[in-house]
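Some notes on the structure that comes next.
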Amino acid sequence: MLVLVVNAGSSSLKSQLIETDGKVVSMKCLAEKVGTDEACMNISFAPDFQKVRYNAVGMTVAQCLGKLLDVMVDDPESPISGLSQIDAVGNRIVAGGEYFTKASLIDADARAKLSLCEELAPLHNPAADACIDMLMELLPGTPQVAVFDTAFHATMPPKAYMYPLPMRYYEEYHIRRYGAHGTSHRYAAQQAANLLGRPLRDLGLITCHLGNGGSITAVNHGKSIDTSMGFTPLEGLMMGTRSGSIDPAIITYIMRREGKTFDEMDEILNRESGILGISGTSSDMRDVLEAASKGDERAELAIDMYVYRVQKAIGGYYAAMTRTDAVVMTAGIGENSADLRERIFEGLAHMGMILDKERNQFEGAVGANRIISIDDSPIRICVVTTDEEMRIARETDNLVSQMGD
Ligand code: AMP
């Protein structure tokens, strides 16, 4: 089945065209910094994946998708010559609330429920929604599937997902923890089980998705039992531009002191905080590491805080599990930054997570799933490459195939 995977973020669009039968990727697209003066798109096709860069200034995320579809029809390198050759679309949706506990076909009922979920992921869901609209117009009749970041966490028990607020907020507004990055955590857990050569159902894993957004999940016997993101993707770790968990009283304090509106407060917590807020220069870990290496003290503090918060979260999930076989590192920082991995695990050796520094640094292994702990580390440490797009394509294929049964 030829599946177009659409992963729309607040200021980015990732898309791939995947033939699910052979797991073959034939198109990759990445639009970044959408909404800024530096917005651009890179589109490439198999077999060489030579990137062609397009200007995306002044375009929305959905318009970037429209442009991608134009290029896919017109470019001689493209594997398709018409959009009707696409069998199905798999959309990544960050928040599915309590309405969606698994992937769902997007019909009128699902769309109505999706609109109720928008405020749970104010940075992401609206962009995905606009993309779905665009696809309904340009690919009428092609089945679209929503694959939810929250669905993997539907197995969390009430003690993990409830907040200690008056019960009526849960009963009336469904205020509870939903988690996010579920597609990535599920995939990382399965990849780690493959690496360890044991069935996922026998393992206790702590999966760490450390990218621009970040979250950590306790995966017990293949099921999420707790995760660091909450009602929205703002809770938990310190992230690129998100604060993660802070004392909630700070919010009302700043609002009173500076007369901030709700929207302004949202903006501060979601887009001006985290690594960017502390470093003052960038939300991108590579930039901050570079600045720190030149003696920038704020960059160094941002890294120290980031590492410390990840360490505390891993420790917290260790306590939440009945056994821990491995800690799994994935996403941009988790996969690529040997330095940060070393700093994180330096503080965790006493819990039995003992890094092998050489294996950790081994450059030749970048991009490959591997174990980076010493041989007799009581808890293994794994690095796995996240592949959310492939997972979304497979879930889409499963659901659309069932429709024909
Ligand atoms: P993601 O959201 O998974 O694409 O991850 C993006 C984050 O990963 C950004 O903060 C990048 O700076 C970071 N990242 C990517 N490669 C590296 C690297 N080699 N070293 C440190 N951070 C990296």
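The values are calculated or read from the model by the stated rules, or taken from the named source; none is laboratory data. Because the structure is predicted, anything quoted here is derived from the model rather than measured. Here the Cβ positions follow ideal geometry from the backbone for every residue, glycine too, while neighbour counts run over all protein chains shown.
In the stretch 240-250, the qualifying residues are those that are farther than 10 Å from residue 313 by Cβ and touching a residue at least 40 places away in the same chain (Cβ under 8 Å), and the one that is nearest to the chain's Cα centre (by Cα) is 240. Can you tell me which residue is farthest from residue 149 (Cα to Cα) among those in the stretch 352-399 that are of a type in the set (A, V, I, L, M), in a helix (DSSP H, G or I) and touching a Gly at 6+ places or on another chain (Cβ under 7 Å)? Checked the stretch 352-399; the qualifying residue farthest from residue 149 (Cα to Cα) is 393.
Restricting attention to the stretch 359-384, and to residues there that are aliphatic (A, V, I, L, M) and either surrounded by 19 or more Cβ atoms within 10 Å (Cβ to Cβ) or modelled with pLDDT of 85 or more (or both), which single residue is nearest to residue 5 (Cα to Cα)? Checking each candidate, the answer is 384.
Considering only residues that are buried (at least 18 other Cβ atoms within 10 Å of the Cβ), among the small types (Gly, Ala, Ser) and modelled with pLDDT under 95, which ones fall in the stretch 20-61? If the condition is that a residue be buried (at least 18 other Cβ atoms within 10 Å of the Cβ), among the small types (Gly, Ala, Ser) and modelled with pLDDT under 95, then 39 is the only one that fits.
Please determine whether any residue of the stretch 228-244 is farther than 22 Å from residue 336 by Cα and assigned to a strand (DSSP E or B). No; the residues of the stretch 228-244 include none that is farther than 22 Å from residue 336 by Cα and assigned to a strand (DSSP E or B). The single condition among (1) out of contact with any Gly (no Cβ under 7 Å at 6 or more places or on another chain); (2) under 21 Å from residue 11 (Cβ atoms) that residue 96 does not meet is (2).
Filtered by the rule that a residue be farther than 12 Å from residue 17 by Cβ and within 28 Å of the chain's Cα centre (by Cα), the stretch 68-90 gives a lone residue, 70.
Give the residue, chosen from 254, 246, 250, 225, that is closer than 30 Å to residue 196 by Cα, away from the ligand (no atom under 15 Å from the Cβ) and of a type in the set (Val, Ile, Thr). Can you show your working first?
Working: 254 fails: closer than 30 Å to residue 196 by Cα; 246 fails: closer than 30 Å to residue 196 by Cα; 250 fails: closer than 30 Å to residue 196 by Cα.
Matching residue, one of 254, 246, 250, 225: 225.
Scanning the stretch 265-284 for residues that are within 19 Å of residue 213 (Cβ to Cβ), within 14 Å of the ligand (Cβ to nearest atom) and at pLDDT below 95 yields 282, 283, 284.
Do we find that residue 295 is surrounded by fewer than 15 Cβ atoms within 10 Å (Cβ to Cβ), in a loop (DSSP other than H, G, I, E, B) and free of Cβ contacts under 8 Å to residues at least 60 places away in the same chain in this structure? Here the answer is yes, as residue 295 does meet what is asked.
Every condition in (1) of a type in the set (Phe, Trp, Tyr); (2) within 16 Å of the ligand (Cβ to nearest atom); (3) at pLDDT 95 or above holds for residue 170 except the one numbered (2). Do you know which residues across the stretch 316-351 are more than 16 Å from the ligand (Cβ to nearest atom), in a helix (DSSP H, G or I) and surrounded by 15 or more Cβ atoms within 10 Å (Cβ to Cβ)? The answer is 317, 318, 320, 351.
Selection of first residues in the stretch 4-20 that are among the basic types (Lys, Arg) and of second residues that are surrounded by fewer than 19 Cβ atoms within 10 Å (Cβ to Cβ) and assigned to a strand (DSSP E or B), restricted to Cβ pairs under 6 Å at least 6 apart or on distinct chains, gives the following pairs, ordered by first then second residue: 14/30.
Among the residues of the stretch 285-301, count how many are closer than 23 Å to residue 216 by Cα, over 21 Å from the mean Cα position of the chain (by Cα) and within 11 Å of the ligand (Cβ to nearest atom). Count: 1.
A single member of 168, 176 is of a type in the set (Lys, Arg) and assigned to a loop (DSSP other than H, G, I, E, B), and it is 176.
Across the stretch 188-216, the qualifying residues are those that are in a helix (DSSP H, G or I) and closer than 20 Å to residue 310 by Cα, and the one among them that is nearest to the ligand (Cβ to nearest atom) is 188. For residue 387, the conditions (1) at pLDDT below 90; (2) touching a helix residue (DSSP H, G or I) at 6+ places or on another chain (Cβ under 8 Å); (3) more than 28 Å from residue 90 (Cβ to Cβ) all hold with the exception of (3).
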